[in-house]
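Q: Dropping the structure in here first, questions after.
The values are calculated or read from the model by the stated rules, or taken from the named source; none is laboratory data. These numbers come from a predicted model, not from an experiment. With ideal geometry, Cβ positions are generated from the backbone for all residues, glycine too; neighbour counts draw on all protein chains shown. We work out accessible area using only protein heavy atoms, side chains counted, and drop any ligands, DNA or RNA first. Shrake-Rupley method; radii C 1.70, N 1.55, O 1.52, S 1.80 Å.
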Amino acid sequence: MKAKSHAAILLGTLMVGFSAVSSHQAHGSDRAGANPASTANETNPLLGEWTTPFGVPPFDRIKEEHYFPAFQKAIGVKRREVDAIIKSSQPATFANTIETLDASGEMLDRVGGVFYNLKSAETNDQIQGIARQIAPLTSALDDDILLNEQLFARIKAVWEQRDTLGLNAQQRKLVEETYKDFVRGGAKLAAEQKTRLRAINEELSLLGLQFSDNLLKETNAYQLVIDKREDLAGLPENVIAAAAEAAGNAGMEGKWVFTLHAPSIWPFLSYADNRELRRQILTAYTKRSDQGNGRDNKAILVRTAALRAERARLLGYPSHAHFALEERMAKTPDQVYRLLNQLWTPALAVAKKEAADFQAVIQQEGHDFKLEPCDWRYYAEKVRKARYNLDENELRPYFSLENVRQGAFAVAGKLYGLSFVERTDLPKYHNEVRTFEVKDADGSHLGVFIVDFHPRASKRGGAWCSGFRDQYVKDGRDIRPIVTNVCNFTRPVGGAPALLSLEEAETLFHEFGHGLHSLLSRIHYGTLGRVPRDFVELPSQIMEHWALEPQVLKSYARHWQTGEPIPDDLIARIKEAERFNQGFATVEYLAASFLDMEWHVLGEAKGVDATRFENTALGKIGLMPEIVTRYRSPYFQHIFAGGYSAGYYSYIWSEVLDADAFQAFKEKGIFDPATARSFRTNILEKGGTEDAMEMFKHFRGREPSVEPLLEKRGLK
Ligand SMILES: [Zn+2]
């Protein structure tokens, strides 16, 4: 079983998250298994053979009406494939049971790959409606497989003989993972409990969709419309120009529109002198899906937490966090809390110092108000400028999107010998998409890389990496992956190219790092492509280090007009400012991580008051009033509609790993061929074929140390 839920892997650190849909409607009751031979149209391009180069989906021929019949057909095919395993008259073997199950569902993976990627990147009401129709069908399919007694008996039979079958390492791992999937999926439960588990899974699949639907509508519902020029005071010209364009597009010529989308709200909060307007837009942001209207998410998230807790109890775990963490590198909630607490105290102390600095500036300016959340980014920007002579907008001209992209590709070239050849002859789902063939050092084909960089109304917020096809081996043939990076970067305005902020440039390297992890994969079984959530940010976050290395900056950060490389003095100021505001960044992130854990260590969540619960959780850690948790519960899509429940801590867990792993490069040289080779073979090529800690130790020669992270964030 590859990609059990087909949910696109949401890997962006900036994921705000929304997906379009109109009203929630009751889902159909037609379980796919009842009529597997649906009347799939012969001409349905999702089902036919893809004769495009590299088997890229024929986007130009796929229409909305093709999805549902394709899903019905593909679910039916998967059921028949699994049925054949169950009904086999042969005794269970590795080949006829475990391996065959791993290979099943190829058509469903293909259909789901297109559908779920476009649901995030190029959606519409129709697609969102189809998602609601399909969620109960795929949930039922998963449960029908995982809860099938005869199938589990066959898997268990192989699992019991695993020591005597002469299996190689990947085969043995596949047996263990498959057995574990079934046990964790409820295979050992009594019939009555299985029935309850199915109902829980089905309801959860719909709650997640409803959560993100509400959030999208709330996010899109708000506009800050400015009609007086004086209210734009403090804002840089490029930000004003983008707001004017947005107003023009909305039929409000001559005005300026700001939204809750990242390229709009964050610059506004950093630069707008008008404090009242800053407060308005930030309040709108933090009150999303928390206004008691039809888009309120509080009841949905409490229900979600309650069902997760109940499912964990059914399966014999004290909480959902215990259940989820068993599969991660961290293993237990205690381990997660240990790291979070270790960082919290020093981070809070640093953030309090930062707040005092900003308060002093407020006083110097002759004001007597107290620093509030709507002031933080504004004064941070002022102090950054005063202290380091560093203005975000001074940097942008050096970070044109095209230069940053080429810079990231060049790093992959130097480290791993990869090259990227643009292909304009392949089908695309949107004309802003660009497609590259990725080649290894010896010129052989590694995969296809699709990039889609700018925001659209049809795209979810945030930045992420996912795949239209994962790498695996089929009948001895290496099937290479089709990988995509989708982002919401600043658009080009006027005659200039898209000029990124430093943070956006780092995000590009980050998502590209996930991309490399997928592109370099060399595993045999698709099931083993799953990487623990708290390890998967290592390949992405480590790339952010190269993005800011002076020698790398010199090569790609060139002024878009003059071609001049970024001056040494500016690099020095970036380096000096690196630890600036890290108290804030760490505290707002850790607060959200604690909140996530608190929701998921509950043994029972029924009847919980969401607002009071959140306040208590944040009060417990002593979150300072000047900082809002990065995500409040009603818009915490990562944990209530993404794959990060009891997992938001993963970014900082992985940061321990990437900070330490990059030290290995620093010690030997950031492009040292042997170190790069080791990182590639021990980590990037391995998928989930080995234990994460073992992989890290193979690369580093020891367990990770937290010291480089503390150093980097200025927390020691
Ligand atoms: Zn990531």
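Q: Counting residues that are open to solvent by 20 Å² or more (accessible area, probe 1.4 Å) and touching a Ser or Thr at 6+ places or on another chain (Cβ under 9 Å), which helices (runs of 4 or more DSSP H) fully inside the stretch 249-346 reach at least 2?
A: Because the criterion is at least 2 residues that are open to solvent by 20 Å² or more (accessible area, probe 1.4 Å) and touching a Ser or Thr at 6+ places or on another chain (Cβ under 9 Å), the helices (runs of 4 or more DSSP H) in the stretch 249-346 that meet it are 262-271, 298-314.
Q: Return the pairs, sorted by first residue and then second, in which the second residue is open to solvent by less than 10 Å² (accessible area, probe 1.4 Å) and outside any helix (DSSP H, G or I), the first residue lies in the stretch 167-187 and is at pLDDT below 95, the beta carbons are less than 7 Å apart, and the residues are 6+ apart or on different chains.
A: If the second residue must be open to solvent by less than 10 Å² (accessible area, probe 1.4 Å) and outside any helix (DSSP H, G or I), no pairs are left.
Q: Surrounded by fewer than 24 Cβ atoms within 10 Å (Cβ to Cβ) and among the small types (Gly, Ala, Ser), is that true of SER540?
A: no
Q: Still on this structure, I have one more. Going through the stretch 350-405 one residue at a time, which ones are open to solvent by 40 Å² or more (accessible area, probe 1.4 Å), in contact with a Phe, Trp or Tyr (Cβ under 7 Å, 6 or more places away or on another chain) and under 20 Å from HIS559 (Cα atoms)?
A: Residues satisfying the conditions do not exist here.
Q: Inspect all residues belonging to the stretch 470-493 and state whether any of them is within 16 Å of the ligand (Cβ to nearest atom), assigned to a helix (DSSP H, G or I) and either within 22 Å of the chain's Cα centre (by Cα) or at pLDDT 95 or above (or both).
A: Checked against the condition, which is being within 16 Å of the ligand (Cβ to nearest atom), assigned to a helix (DSSP H, G or I) and either within 22 Å of the chain's Cα centre (by Cα) or at pLDDT 95 or above (or both), the stretch 470-493 yields no hits at all.
Q: Same structure again: Within the stretch 558-597, restricting attention to residues that are more than 25 Å from PRO497 (Cα to Cα) and open to solvent by 30 Å² or more (accessible area, probe 1.4 Å), which residue is farthest from the chain's Cα centre (by Cα)?
A: Filtering the stretch 558-597 for residues that are more than 25 Å from PRO497 (Cα to Cα) and open to solvent by 30 Å² or more (accessible area, probe 1.4 Å), the one farthest from the chain's Cα centre (by Cα) comes out as ALA572.
Q: Restricting the search to the stretch 504-529, which residues are more than 10 Å from the ligand (Cβ to nearest atom) and touching an Asp or Glu at 6+ places or on another chain (Cβ under 8 Å)?
A: Correct list: GLU506, PHE509, SER518, LEU520, SER521, ARG522, ILE523, TYR525, GLY526, THR527, LEU528, GLY529.
Q: Is at least one residue of the stretch 128-146 at pLDDT 95 or above and of a type in the set (Lys, Arg)?
A: Checked the stretch 128-146: no residue is at pLDDT 95 or above and of a type in the set (Lys, Arg).
Q: Are any of the residues in the stretch 646-667 outside any helix (DSSP H, G or I), open to solvent by 30 Å² or more (accessible area, probe 1.4 Å) and not hydrophobic (A, V, I, L, M, F, W, C)?
A: no
Q: Report yes if PHE94 is more than 22 Å from PHE182 (Cα to Cα) and of a type in the set (Phe, Trp, Tyr), otherwise no.
A: Judged against the criteria, PHE94 is not a match.
Q: Could you identify the single residue in GLU537, GLU544 that is within 16 Å of the ligand (Cβ to nearest atom), closer than 30 Å to GLN171 by Cα, charged (D, E, K, R) and within 26 Å of the chain's Cα centre (by Cα)?
A: Only one candidate qualifies: GLU537.
Q: Of the conditions (1) out of contact with any Gly (no Cβ under 9 Å at 6 or more places or on another chain); (2) within 20 Å of MET543 (Cα to Cα); (3) crowded, with 18+ Cβ neighbours inside 10 Å, GLY687 satisfies every one except a single condition; which number is it?
A: Every listed condition holds for GLY687 apart from (1).
Q: Here's something else I'd like to know. Condition check: assigned to a helix (DSSP H, G or I), among the aliphatic types (A, V, I, L, M) and farther than 22 Å from HIS430 by Cα. Does ILE542 satisfy that?
A: In short, yes.
Q: Right, next: Quick check: anything in the stretch 89-97 under 29 Å from ASP213 (Cα atoms), out of contact with any Leu (no Cβ under 6 Å at 6 or more places or on another chain) and part of a helix (DSSP H, G or I)?
A: The answer is no; no qualifying residue exists.
Q: Would you check if there is a residue in the stretch 189-201 being over 21 Å from GLY526 (Cβ atoms) and within 23 Å of the chain's Cα centre (by Cα)?
A: Yes: one or more hits.
Q: Is it the case that some residue within the stretch 417-439 is open to solvent by less than 10 Å² (accessible area, probe 1.4 Å), within 16 Å of the ligand (Cβ to nearest atom) and either over 27 Å from ASP672 (Cβ atoms) or of a type in the set (D, E, K, R) (or both)?
A: The answer is no; no qualifying residue exists.
Q: Taking ARG630, is it modelled with pLDDT of 95 or more and within 16 Å of the ligand (Cβ to nearest atom)?
A: Considered against the rule, which asks whether it is modelled with pLDDT of 95 or more and within 16 Å of the ligand (Cβ to nearest atom), ARG630 comes out as yes.
Q: Okay, next question. Just one of the numbered conditions (1) open to solvent by less than 10 Å² (accessible area, probe 1.4 Å); (2) out of contact with any strand residue (DSSP E or B) (no Cβ under 7 Å at 6 or more places or on another chain); (3) at pLDDT 95 or above; (4) within 16 Å of the ligand (Cβ to nearest atom) is not true of LEU500; which one?
A: Tallying (1) open to solvent by less than 10 Å² (accessible area, probe 1.4 Å); (2) out of contact with any strand residue (DSSP E or B) (no Cβ under 7 Å at 6 or more places or on another chain); (3) at pLDDT 95 or above; (4) within 16 Å of the ligand (Cβ to nearest atom), LEU500 fails exactly one: (4).
Q: Would you say GLY462 is within 21 Å of ALA505 (Cβ to Cβ), small (Gly, Ala, Ser) and either within 16 Å of the ligand (Cβ to nearest atom) or open to solvent by less than 10 Å² (accessible area, probe 1.4 Å) (or both)?
A: Yes.
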